[in-house]
1. Of the peptides 5-12, 39-46, 66-73, 24-31, how do they stack up when ordered by the mean number of other Cβ atoms within 10 Å, highest first?
2. For TYR61, what residues show an amide H to amide H distance below 5 Å, using hydrogens built from the backbone and excluding near sequence neighbours?
3. Assuming R0 = 35 Å, what is the FRET efficiency of ALA20 and SER107, from their Cβ-Cβ distance, to the nearest 0.05?
4. Calculate, for LEU39 and MET85, the FRET efficiency according to 1/(1 + (r/R0)^6) with r their C-beta to C-beta distance and R0 22 Å; round to the nearest 0.05.
5. In nanometres, what is the gap between the two model label sites at LEU95 and GLU48, each 7 Å from Cα along Cα-to-Cβ?
6. Length gain on complete extension for the stretch PHE12 to LYS76, per 0.36 nm per residue less the alpha carbon to alpha carbon distance?
Amino acid sequence: QEEIRYCEAFPFVHTLTSTADCRDLQAAEAAELSFERYLSSLARLSDELMPSAALTSQMPYNMLATRDWMLMVPRKEECFKGISMNSLAFAGCLLVPQYGLLETMRSVSYQNNPRRKILDLY
């Protein structure tokens, strides 16, 4: 049974959907059920935030998934200072495609939290 719920500990709009029951299914069945739940979660967010963007790419969001759950969180903006805020950013990891953007992130990060570390892989 599908269950889309909210976690009261999260102070932001989101959906949290269980996928634990997909573990016992064959791969194709699990994929189909997971995709249905993904669409249901996306529709729930769209209905609440942007009814005109329902089930389209117009609504930016982040999604994290494990074997047990799927979390979707809408974004107000897709980018910040030219840097995509994708699901890796939501999980705490920002990857930038150009060195100049790394310097931008370093500057913004230091302003918000001087103890935050930024790893330079360039």
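1. Top to bottom by mean Cβ count within 10 Å: 39-46, 66-73, 24-31, 5-12.
2. Those lying under 5 Å, H to H, from TYR61 are ARG75.
3. Working from the Cβ atoms, E equals 0.25.
4. Efficiency for this residue pair is about 0.45.
5. Simple spin-label model gives 2.9 nm for this pair.
6. Taking PHE12 through LYS76 to full extension adds about 21.9 nm, to one decimal.
Values in this text are rule-based calculations from the coordinates and carry no lab data. Not measured: the values here are computed from a predicted model. All Cβ positions, even for glycine, are placed from backbone atoms using ideal geometry, and neighbour counts span all protein chains on display.
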